[in-house]
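Accompanying notes for the structure given below.
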Amino acid sequence: MPSKNPELAKIREPIQFATELRGFPLNFTTTWGIFSPREIDEGTRLLLEYLDIAPDAHCFDLGCGYGPLGITMAKMAPQGSVIMADKDFVAVDYANQNAKNNHVPHAKAMLGNGFEQLNKEKFDVIVSNIPAKVGNEMLTLFLHDAYEHLNPGGRFYVVTINGLRQFMKRNFNEVFGNFKKHKQGKNYTVSSAQKES
């Protein structure tokens, strides 16, 4: 039976906040248990500053959470499309709700572990705010799968904690044959690699 404790009832309520990302005013609804539920985290903000997205780009947000990256990309690509994926069904529900509330019907979230639920879909841009504790095996899969799912000339952007900087550089060069460091902040590094045509 649910508790009558008013403090618990308050904590159970969805969290709502307004923000601006890449010049777009956005509103998000989140909940406890999803990454950074009260505000856009530092890594996501840093990554968004360096994304270069064409108005008709087909984009993929890997590990979307409640959708800040994917929804912002959808705003940047009004003639394109965005698929967001997360292994947390609660995050996927909130990402779809936030896409609807922010009027980006061309952005959809799906349940999936990495790229596993995608068929042979190809993208112009793939982004990921990679969790610090994801593990080298999963990171290696992400890199190889991202390469397979990019169109020629497509780019995979990531933001990682600075401790993963050298791993990303080494592995981007190994898998893609190139690496670009866009920004190294106090805690996070934004980097990318391009699939050569």
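A short reminder: the numbers here are calculations on the coordinates, not readings from a lab. Small disclaimer: the values here were computed from a predicted structure and weren't measured. Backbone-built Cβ (ideal geometry, glycine too); neighbour counts: all protein chains shown.
Checking the cross-link filter: which lysines have an alpha carbon closer than 17 Å to that of Lys169, excluding same-chain neighbours under 8 positions apart?
The qualifying lysines are Lys180, Lys181, Lys183, Lys195.
Could you tell me the distance between the Cα centroids of segment 126-197 and segment 15-61, to the nearest Å?
19
Over all alpha-carbon pairs of segment 1-132, lay out the pair-distance distribution in 10 Å bins, whole %, shortest bin first.
In order of increasing distance, the bins hold 13, 45, 30, 9, 3, 0 percent.
Let me see the pair-distance distribution of segment 108-197: every alpha carbon pair, 10 Å bin width, integer percents in order.
16, 53, 28, 2
Which of the trypsin sites (Lys or Arg not before Pro) found in segment 32-97 are in a DSSP loop and have at most 11 neighbouring Cβ atoms, other than their own, within 10 Å?
Passing both the DSSP loop test and the Cβ count: Arg38.
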